[in-house]
Amino acid sequence: MLNALHSFDSKALDLDYEAAAREIEQAIQRIVAHDLRRQGIVLGVSGGIDSSVCAALAVRALGPERVCAILMPEKENSPKSTRLGTLLCEHLGVTPIMENITAPLTALGCYERRDNAIRRLFPEFTTGWKQKIGLAAGLLDADRVNYFTLTVESPDGERQSSRMPVDVYLDVVAATNLKQRIRKTVEYTHADRLNYAVLGTPNRLEYELGFFVRGGDGLADLKPIAHLYKSQVYGMAAHLGLPAEIQGQSPSTDTYTLPQSQEEFYYALPYDQLDLALCAYGRGASEDEAAAALGIPVEQVRRVYKDITSKRRTSARILRHAALVQPVDIGSDE
């Protein structure tokens, strides 16, 4: 645990943003040119805070002419994402590429597979209805197994929710994960033709707690902000002078047709509190110290720590390289 003379508090996330930006920019330059031997960077942009900060740091590191920003709308995501992504590119002096991914998603059955799974719970679900999934409420209030609920909304605005059986949950998630995987396929297609590296945009909460799709947004050649907590990413956006509308964006998944926050979908706490909780956990702070810093009861901190432990195991599993029956020495590219 922490030394009593150095107890944990909310200042643990204080950051010298200019020094942190320089470190990231120098790392991008070194990794792209020396380690990966590529000519530039490809990344998907959505107007969200993480991809916006990554794009800005890449432009500072390499110049706008060596950053390929791709907008990848599909029929169900918010038009606001495309508008803010375009705003970001204009701000950075980058000419974006537009790749609408509705057709490949349709061809692969993304929407049909998901809707068929939803109809196993709500047979009346059809065209014009909206949907989302989320963690059941009350995770911090009692010791219980996590589970997900499915919420649907009819065209007249009537909502229904139900606990998701495991098979329905897995089918819905498998179908919607196609969105992340198709986007990554598009990014690597452009990276191959340009001899560029693909930049991944997870922050520390996402990276350490497994909030990404294997083979989708979890796949990249470099991940420059994976060590930054979400609140630090917002601080970096302010330091870099990104447009105010982008800085004011709340974290969301933009995957389902009903509005959905990341907290609702995956995390037990708002990102600023979870940042502190994860930092406290990583630094070995006691539950009492973390409770004082977060302003929540010790019993809730115990449950948050338990949830962090579980999610870190999930992240380690999906980040793991492919298993080999026997080791294969492929030498070095030096």
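Table for the structure above
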quantity	calculated
Accessible area expressed per residue, the range 86-223, with surrounding protein chains retained (probe 1.4 Å, Å²)	48 Å²
Tail weight of P(r) past 21 Å, computed on alpha-carbon pairs of the range 1-142, percent	64 percent
Förster radius 22 Å - calculated FRET efficiency between SER250 and ARG312 (Cβ-Cβ, nearest 0.05)	0.35
Protection-proxy order for peptides 41-53, 194-206, each taking the mean of Cβ atoms within 10 Å per residue, highest first	41-53, 194-206
Dipole moment magnitude, nearest 20 debye, the range 116-157 about Cα centre, only Lys, Arg, Asp, Glu C-beta charged	200 debye
The chain pair-distance distribution - Cα-Cα, 10 Å bins, rounded %	5, 23, 32, 26, 13, 1, 0
Within the accessible area of the range 1-70 (1.4 Å probe), percent carbon and sulfur	49 percent
Kyte-Doolittle mean at least -1.0, axial Cα span of 27 Å or more - DSSP H helices of the chain	166-194, 298-319
Estimated D of the range 233-326 in µm² per second, where Rh is the Kirkwood radius over Cα pairs and Stokes-Einstein applies at 37 °C, 0.692 mPa s	209 µm²/s
Beta bridges by DSSP in the range 58-160, antiparallel share as percent, to the nearest 5	80 percent
The range 94-184, accessible surface, carbon-and-sulfur percent (1.4 angstrom probe)	52 percent
DSSP beta bridge pairing in the chain, given as percent antiparallel to the nearest 5	55 percent
Length-normalised contact order of the chain in % [C-alpha pairs under 8 Å, at least 6 apart]	22 percent
Translational diffusion of the range 38-94, µm² s⁻¹ [Kirkwood Rh, Cα pairs; Stokes-Einstein; 37 °C; 0.692 mPa s]	291 µm²/s
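The values are calculated or read from the model by the stated rules, or taken from the named source; none is laboratory data. None of these values were measured; they are calculated from a predicted model. Positions of Cβ are generated from backbone atoms using ideal geometry, with glycine treated the same way; all protein chains shown enter the neighbour counts. Protein only, heavy atoms only, side chains kept; ligands, DNA and RNA dropped before computing areas. Shrake-Rupley method; radii C 1.70, N 1.55, O 1.52, S 1.80 Å.
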